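> This is the structure, below, for whatever I ask next.
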Amino acid sequence: MEQVTLSSEQQALFEYIEESENNIFVTGRAGTGKSTLLTYLIENTKKKTAICAPTGVAALNVGGVTIHSLFGFPFGILGTEDIARHMNRRTREVLAAIDMLVIDEVSMVNADLMDTMSRAMGIARGRRKLPFGGAQVVMFGDPYQLAPVPPSDPQDRAYMAENYQSGWFFDAHVWREDSLERYELTEIFRQHDEYFKEILNAIRDGSCTQEMLDYINKCGNRFPPHDDVIRLATINASVNSVNASRMARIETPPKRFDAVFSAADEKAFGRTLPAEPVVELKVGAQVMFIKNDDSSTKKGPTGPVKRWVNGTIGRVVELPSSGGVIVEVDNERLEVGRSTWEKVRYEIDEQFDEETGKVKEVLIAVPLAEFQQIPLRLAWAVTVHKSQGQTYDEVVIDMGRGAFSPGQTYVALSRVRSLDGLYLTRAILKSDIMVDQDVLRFMNGVKQAPIEKLF
């Protein structure tokens, strides 16, 4: 798979972000290329940029840091905290240097954290009256798919209820002081059936009719053609049960792969490891890659050719004694070694600019620790949550006792390329279509800026 080139709307939006200083929220339905644009922006922007995300895994996936790590914040509600005392000199210097702050999976950021980020940047940059201290903020995410985790502490929940219309990032007070431009990518690359796309969008925003559900259920009411069609389930217990039972059928001995930490303290990565600390595989196991190929030496017309991407499914065909795994993907045998995930922190560095002949400050990501593991997980089944961002040709959807969070059914159904590859263990019910009313209020109430005007 070659390096991706941007579509016309992605290119127009990239150029607009690069040329403007406005705060921008980039959203879009599943399969519209939000991650592609985000990766391209990070790799091609000329601005001093810091990339952050609300969770450790999300941060590692985009080569950034967690919000709490970047800002030095403690956990919990921060509205009443004296945050200045939590910000050391390095944190202040980094925040002061940022031209553009990029936030991935912003839908998981709550309103209190968004306001506190703005406050902290104002302090660090000496411009407390300006939202985010005058820096540009560019956010990526889809509120229809992922929600912020509500506070577990009763006092924190009471504080949020008293001070915010909702816990969502878009209800942060900072947006009363500054405008937030919303751009929605519309070109769907994953599906091509227009009626299927229409149904998926209706499930996304809650406007789905019974007629639409009947159509989906009729298409998916059949048995999969073979045992290895990946199953999406709502809970971990179902996924673990399927994977364990399928592994048990294979009589050959397993091979164990232990993660390697470069840091003396394994706690450097916290509880959110990007891969399992121990992976057991057998010849014949169905596996999924959980990281893009970052070691290919093959060259294509636009750069290195990736042998696999995050979400590619294959089968283990050999476990060499020398180490590594041989995985077959589309009749091609791929040698897979350990991948490396880096935990980084941002620092200020001085570099000589040959164009101007002057020394300038640059923002650099300095590796703090490395985590190395085989970039594979068993993939006869996976949770709907962990399937986010993936694309499958065939999928069995097991809604179990029903959806229990908004967007869950939409995420599950939108993974498959076409209805020809959809298999349902039971009918999708109206009760499975859950949409957060605050999301509807925001998405219908905040005027979307048409990307066409940027062309």
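> Treat each spin label as a single point 7 Å out from the Cα along the C-beta direction, and report the Gln11 to Asp330 distance in nm.
2.4 nm
> Next question, about the same structure. Let me check something: with ligands and nucleic acids excluded, how do Cys219, Cys52 order by accessible area (1.4 Å probe), largest to smallest?
Details: Cys219 35, Cys52 0 Å².
Sorted descending by solvent-accessible area, the residues read Cys219, Cys52.
> Within segment 1-90, report the chymotrypsin sites (Phe, Trp or Tyr not before Pro) that DSSP leaves as loop and that have at most 12 other Cβ atoms within 10 Å.
Numbers: sites: Phe14, Tyr16, Phe25, Tyr40, Phe71, Phe75; in loops: Phe75.
Those satisfying the criteria are Phe75.
> Could you work out what % of the accessible surface of the chain is carbon and sulfur, using a 1.4 angstrom probe and leaving DNA, RNA and ligands out of the count?
Working: 10320 of 22020 Å².
Ligands and nucleic acids excluded, carbon and sulfur give 47 percent.
> Work through the residues other than Gln155 whose Cβ is under 14 Å from its Cβ and net out their charges, Lys, Arg +1 and Asp, Glu -1. Before the final figure, lay out the partial values.
Working: positive: Arg157; negative: Glu81, Asp112, Asp153, Asp156, Glu162.
That sum, taken over residues with Cβ under 14 Å, equals -4.
> Quick check on the chain: of the DSSP beta bridges with both residues there, what percent are antiparallel, nearest 5%?
On the way: 38 of 67 bridges.
DSSP beta bridges in the chain are roughly 55 percent antiparallel.
> So how tilted is helix 34-44 from the main axis of the chain? Cα-based, degrees 0 to 90, rounded to 10.
50 degrees
> Kindly report the accessible area of the chain per residue (heavy atoms of protein chains, probe 1.4 Å, no ligands, DNA or RNA), in Å². Before the final figure, lay out the partial values.
Numbers: 22020 Å² over 455 residues.
It amounts to 48 Å² per residue over the chain.
> Find the relative contact order for segment 350-430 and round it to a whole percent, using C-alpha pairs within less than 8 Å whose residues are 6+ positions apart.
Numbers: 64 pairs, mean separation 21.2, N = 81.
Normalised by residue count, the contact order of segment 350-430 is 26 percent.
> Taking the Cα centre of segment 1-55 as origin and charging only Cβ (+1 Lys, Arg; -1 Asp, Glu), how large is the dipole, in debye to the nearest 20? Show your work: numbers first, answer last.
Numbers: 5 positive and 7 negative charges, 44 e Å.
Dipole magnitude for segment 1-55 comes out near 220 debye.
> Looking at segment 1-43, which GluC sites (Glu not before Pro) are DSSP coil and have at most 16 other C-beta atoms within 10 Å of their C-beta? Can you show the working numbers first?
Numbers: sites: Glu2, Glu9, Glu15, Glu18, Glu19, Glu21, Glu43; in loops: Glu2, Glu21.
Counting only loop positions with at most 16 other Cβ atoms within 10 Å, the GluC sites (Glu not before Pro) in segment 1-43 are Glu2, Glu21.
> For the chain, take the longest principal axis of its alpha carbons; what is the angle in degrees between that and the long axis of helix 194-205, to the nearest 10 within 0 to 90?
The helix 194-205 is inclined about 60 degrees to the chain.
> Using a 1.4 angstrom probe with every protein chain in place, what is the largest-first accessible-area order of Asp214, Asp393, Asp178? Write out the running numbers ahead of the final one.
Values: Asp214 80, Asp393 105, Asp178 45 Å².
Descending accessible area places them as Asp393, Asp214, Asp178.
> Let me ask something else about it. What is the helix-to-structure angle for 154-163, meaning the angle in degrees between its Cα long axis and the longest Cα principal axis of the chain, kept from 0 to 90 and rounded to the nearest 10?
60 degrees
> Report the residues of segment 33-56 in range of a label on Glu187: point 7 Å along Cα→C-beta, backbone N strictly under 20 Å from it.
33-45, by backbone N distance to the label point.
> Please go through the residue pairs Lys282/Lys386; Lys255/Lys306; Lys218/Lys291 and name each one whose alpha carbons sit more than 32 Å apart in this structure. Present the calculation step by step, with values, prior to reporting the outcome.
Working: Lys282/Lys386 22 Å; Lys255/Lys306 26 Å; Lys218/Lys291 35 Å.
Beyond 32 Å: Lys218/Lys291.
> Using the Kirkwood radius built from alpha carbon pairs, what does the Stokes-Einstein equation give as D for segment 59-158 at 25 °C and 0.890 mPa s, in µm² per second? Present the calculation step by step, with values, prior to reporting the outcome.
Details: Rh = 14.2 Å.
Taking Rh from Cα pairs, D becomes 173 µm²/s.
> Moving on to the next point. Out of the trypsin sites (Lys or Arg not before Pro) in segment 143-233, which ones are loop residues according to DSSP with at most 14 other C-beta atoms within 10 Å?
Values: sites: Arg157, Arg176, Arg182, Arg190, Lys197, Arg204, Lys218, Arg222, Arg231; in loops: Arg190, Arg222.
Listed in order of number, the matching sites are Arg222.
> Spin-label point model (7 Å from Cα, Cβ direction): what's the Ala237 to Asp205 distance in nm?
3.7 nm
> Leaving out ligands, DNA and RNA but keeping every protein chain, what accessible area does Ser179 have, in Å² rounded to the nearest 10, with a 1.4 Å probe?
80 Å²
> Let me ask something else about it. Given contacts defined as C-alpha pairs under 8 Å and at least six residues apart, what's the relative contact order of the chain, whole-number percent?
Working: 867 pairs, mean separation 93.6, N = 455.
Worked out over the chain, it gives 21 percent.
The values are calculated or read from the model by the stated rules, or taken from the named source; none is laboratory data. Bear in mind that the values here come from a model prediction, so they are computed numbers and not experimental data. Ideal geometry is used to build each Cβ from the backbone, glycine not excepted, and the neighbour counts take in all protein chains shown. Remember, those area values only see protein heavy atoms, side chains included, never the ligands or the DNA or RNA. Shrake-Rupley method; radii C 1.70, N 1.55, O 1.52, S 1.80 Å.
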